[in-house]
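The values are calculated or read from the model by the stated rules, or taken from the named source; none is laboratory data. Since the structure is predicted, the reported quantities are computational estimates derived from the model, not experimental observations. Methodologically, a virtual Cβ is constructed for each residue, glycine included, from the backbone with ideal geometry; neighbour enumeration extends over all protein chains shown.
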Amino acid sequence: MATSEVVHAHAAPQGFIRKYIFSLDHKVIGLQYFFLALTAVWVGMILSLLMRIHLIWPGANIPLIGHIQPETYLSLLTMHGTIMVFFVLTTAPQGGFGNYFLPIQIGAPDMAFPVLNMLSFWTTFVAFVIMIAAFFVTGGAPLHGWTGYPPLSAMQSTGPGEGLGADLWITSIAIFCAASLMGALNFITTTLDLRAKGMSLMRMPLTVWSWFITAILGLLAFGVLLSAGILLLMDRNLGTSFYIPLVVVNGQVMGHRGGSPLLWQHLFWFFGHPEVYIAILPGMGVASQLLSTFSRKPIFGYKAMVYAMLAIGFLGFMVWGHHMFMSGMNPWSAFAFSILTMCIGVPSAIKTFNWLGTLWRGNIRLQTPMLFAIGFVSLFVSGGLSGPFLAQPTLDIPLHDNYFVVGHFHLIMGVAAIFGIFAATYYWVPKMFGRMMSESLGKIHFWFTFIGTYAIFMPMHYLGMAGHPRRYSQLTEVGYLHNLLPLQRFISIAAFITIGAQVIFVINLFWSIFRGPKASDNPWDATTLEWTTATPPPHDNFGGHTPVVHNGPYEYGVPGAAGDFVMQSDPAVSPGRAH
Amino acid sequence: MATLSPNLVVKAPRSRDRGSGDPPSFGGGGDGNRGGNGPSDYGERLRRARLGLVVGLTAVVMLFVGFTSALLVRRGLPSFDQQTNTYSRDWVPIQLPWTLLLINTGVLLASTVSMELARRDIARQMALAPVRSIPGVSLGDERGFPWLGSTVVLGLGFLIGQFLVWRVLQAQHAFVNKNPSNSFAYLLLGTHALHLAGGVVALVYAAATTLLNRPIESRRIVIDVAAWYWHFMGFLWMYIFAILLIAR
């Protein structure tokens, strides 16, 4: 079995293919994940651009696409959600930055199973290609949304995209599950087994904790999604009736009977809710890391942060039912799910409190990574506060199928996680490429994106409270929505500007990679192990020696220290703060 | 002081198959309870591989947790009958060829025993490896029973037996879409067979490492991990058998 290959016995490869394509080096694999996610995010963003154009100018004749039909709109919506959730929010923070920095931050030369790591990236890549292929087959991409509810998703004849397109969609998701499981296996084993001497669990940076917990969530969640996907493929192609009851499509009785669409919802959301935390937890880790570093203060309540993340991960598996309040579930079940959901507010509040406590009276350096970390906290609070609204079954009934939910999950899961990715990018690009990113471009990018996302998603809450349904392609012909059209136009224009601002980011990124000013080994005066090694790190991360850890990860503002911080590998522990 | 004869040099076991230069050493975890033993510590590699296997098997467990909960839910669901306009349960227990399944179970259990003997055999060889590298020292006839090969044969036998179960079901016109109980039986048998086939591939790879003259440590790790995977497949089969028996 490839998994038992020797860890990092491989010498630095020389050929182009072994060095950059089928590389076993976790750093190269991390960059591959990062650039895959960067490609995917542009695909997903262009899909949302098309949707926003269609919503305010339904008659627009778009080059190459023409008039957007209602079913095309549903395809755009489905693919936007799927690509963003799986290939951006799951891929970039965990596969990208986690792969690159988890081994370095724990002082390991590589992941535990390098071959498996390479396989997991290339499997993800194949899944992405198959997902994109769904656009180009007969009937186009599927219509069933990223949640893939049957019976719409479970039969070939329910819509134009539900033929081959939907089969490709499910196949892609199943392959993605396998890839994520391989990745999770590697992350967990690496964290448990490859830590450097002195790197006890409670000395791990919070980023490592967040990647570790995310990997556990992925390990437990993706297997269930895989099982659900296999059943769905069987329903579609083998004539079974797991999810399909007696159904009449276009006046024709289909051959299925007795299945339950709710069975899919249970299995899907058992995965789907932890998936939300898979997207956001790495962002929490990065925000903690950055708030501490750029406030020049130890993180407030390190242990509380760790236990809060564990609690969020644990509770995340018990609340899937709150996505199904509208499914006619027993009110007692709904009550239980509701209470458990609101319990998640407690660890979330602990985290928020600790972030603010870290900032309090800090010597704050408002550089671009810090701005995005603060932006993350802001969006986490704004998006999170509407959570307890939706957690109440009675309130969920009017709000569930309208723009309130769209605003909620985009703030908390979408852009908050994206802000975590941005913060990580601005923070770690100097280490990954050896070049600093432009601060001024970064700040312009931040303010456009920060104000832009609020301008897009805040009004959606008002649309929802005014009863505007989601997933509808045609708004201009509906009488009672007429008064809401100006708000939709505002949202679309804000979206155009925000998407345009992302060009600044891409220019900044690529300009910096090639032309940016050279970065020192530790440009942010940070303490964790990745800043002790060369920039960019050598093939085995630490140039032949293994670091030994003497301190906790957030020793800032240390009394009596030479600078205002003590590196994790610095043996000179200040007497004032012995760990 | 007596000197050793020059040809009696005890070689340290090779631990890295592609190592070149000075590979970085591992600290061995930060909790202080396991010391960093340097690059040649094969025990750490074995432990890491086993840990990876346990984590990987958790994913397999979750896959079957998904299937099981789907089965329990689907089994209790009412179905609408057009003719009578009533709801009734549409679950009809599947008639499985139990004798054949019992034979297959026996074959799988035999393969588990064979696998365990292969695992112990390689562990024994491993322990004797330093002795064997002493020139002039003979351990007698080293060719023991090919337990690895017999495991592969028995595993393939099990897969063929499962295939025969499918053929019997097809001969009875008990197709996958006839009834939800049939669907689940095919699903569980098929998924288990696929996982077991993966185990066979791992065993063939382990055998190939013998032929490729890989260092014995690498071979032992492969065989050890494959063995624990194989034992898990045995447990999984017992579980599936019980499910098919109780909740068919």
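Points worth noting:
- Residue A:183 passes every criterion in (1) farther than 18 Å from residue A:84 by Cβ; (2) free of Cβ contacts under 8 Å to residues at least 40 places away in the same chain; (3) part of a helix (DSSP H, G or I) apart from (2).
- Taking the range A:234-272 as the range and being under 13 Å from residue A:152 (Cα atoms) and part of a helix (DSSP H, G or I) as the test, the residues that pass are A:235, A:236, A:261, A:262, A:264, A:265.
- Cβ-Cβ under 9 Å pairs, at least 6 apart or on other chains, the range A:516-529 side without any contact (Cβ under 8 Å) to a residue 60 or more places away in the chain, far side of a type in the set (Phe, Trp, Tyr): A:521/A:531; A:522/A:531
- If you go through the range B:93-134 and keep only what is outside any helix (DSSP H, G or I) and over 30 Å from residue B:213 (Cβ atoms), you end up with B:93, B:94, B:95, B:96, B:97.
- From A:516, A:563, residue being closer than 28 Å to residue A:442 by Cα and at pLDDT below 90: A:563
- Boolean, residue A:353 is surrounded by fewer than 23 Cβ atoms within 10 Å (Cβ to Cβ), at pLDDT 95 or above and among the hydrophobic types (A, V, I, L, M, F, W, C): yes
- Filter pass, residue A:525 being assigned to a loop (DSSP other than H, G, I, E, B) and in contact with a His (Cβ under 7 Å, 6 or more places away or on another chain): no
- Look at the range A:462-481: where a residue is in contact (Cβ under 8 Å) with a residue 12 or more places away in the chain and not assigned by TED's automatic domain parsing to the domain that holds residue A:54 and a partner is assigned to a loop (DSSP other than H, G, I, E, B) and of a type in the set (A, V, I, L, M, F, W, C), sitting 6+ places away or on another chain with Cβ atoms under 6 Å, you get A:481/A:475.
- Residue list for the range B:174-188, restricted to those being assigned to a loop (DSSP other than H, G, I, E, B) and touching a residue at least 24 places away in the same chain (Cβ under 8 Å): B:174, B:179
- Subset of the range A:189-215 (residues that are surrounded by fewer than 24 Cβ atoms within 10 Å (Cβ to Cβ) and at the interface with chain B (Cβ under 9 Å from one of its Cβ atoms)): A:192, A:193, A:197, A:198, A:200, A:201, A:203
- Output for the range A:368-423, where each listed residue is touching a residue at least 60 places away in the same chain (Cβ under 8 Å), of a type in the set (A, V, I, L, M) and under 21 Å from residue A:335 (Cα atoms): A:390, A:391, A:397, A:399, A:405
- For the range A:528-555, the candidate set comprises residues that are of a type in the set (S, T, N, Q) and surrounded by fewer than 22 Cβ atoms within 10 Å (Cβ to Cβ); within that set, the residue that is modelled with the lowest pLDDT is A:546.
- The listed residue being surrounded by fewer than 18 Cβ atoms within 10 Å (Cβ to Cβ), among the hydroxyl-bearing types (Ser, Thr, Tyr) and modelled with pLDDT of 50 or more, out of B:25, B:69, B:40: B:69
- Set B:209, B:191: member being closer than 30 Å to residue B:41 by Cβ, in contact (Cβ under 8 Å) with a residue 12 or more places away in the chain and outside any loop (DSSP other than H, G, I, E, B): B:209
- Applying the set (1) touching a residue at least 60 places away in the same chain (Cβ under 8 Å); (2) under 21 Å from the mean Cα position of the chain (by Cα); (3) within 27 Å of residue B:195 (Cα to Cα) to residue A:177 leaves exactly one unmet item: (1).
- The range A:470-507 - residue that is part of a helix (DSSP H, G or I) and among the small types (Gly, Ala, Ser) and, of those, surrounded by the fewest Cβ atoms within 10 Å (Cβ to Cβ): A:479
- Residue among A:38, A:47 that alone is closer than 23 Å to residue A:73 by Cα and assigned by TED's automatic domain parsing to the domain that holds residue A:183: A:47
- Check on residue A:221, small (Gly, Ala, Ser), more than 21 Å from the chain's Cα centre (by Cα) and within 11 Å of chain B (Cβ to nearest Cβ): no
- In the range B:48-97, the residues that are of a type in the set (Lys, Arg) and within 7 Å of chain A (Cβ to nearest Cβ): B:48, B:74
- Enumerated helices (runs of 4 or more DSSP H) restricted to the range A:20-125, each holding at least 3 residues that are under 30 Å from residue A:142 (Cβ atoms) and without any contact (Cβ under 8 Å) to a residue 60 or more places away in the chain: A:26-56
- Filter pass, residue A:300 being touching a helix residue (DSSP H, G or I) at 6+ places or on another chain (Cβ under 7 Å) and closer than 20 Å to residue A:417 by Cα: no
- Given (1) loosely packed, with under 14 Cβ neighbours inside 10 Å; (2) at pLDDT below 75, index of the condition residue B:98 fails: (2)
- Residue match in the range A:249-256 (condition: surrounded by fewer than 24 Cβ atoms within 10 Å (Cβ to Cβ), under 21 Å from residue A:350 (Cα atoms) and more than 12 Å from every other protein chain (Cβ to nearest Cβ)): no
Here is a yes/no grid of residues against (1) more than 27 Å from residue B:183 (Cβ to Cβ); (2) without any contact (Cβ under 8 Å) to a residue 24 or more places away in the chain; (3) surrounded by 19 or more Cβ atoms within 10 Å (Cβ to Cβ):
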| position | (1), (2), (3) |
| --- | --- |
| B:103 | no, no, no |
| B:109 | yes, no, no |
| B:114 | yes, no, yes |
| B:117 | yes, no, no |
| B:120 | yes, yes, no |
| B:123 | yes, no, no |
| B:172 | no, no, no |
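- Selection status of residue A:271, of a type in the set (A, V, I, L, M, F, W, C), touching a Phe, Trp or Tyr at 6+ places or on another chain (Cβ under 7 Å), within 14 Å of chain B (Cβ to nearest Cβ) and closer than 30 Å to residue A:240 by Cβ: yes
- In a residue-by-residue description of the range A:20-27, the property of being at pLDDT below 90, surrounded by fewer than 23 Cβ atoms within 10 Å (Cβ to Cβ) and more than 14 Å from chain B (Cβ to nearest Cβ) applies to at least one position.
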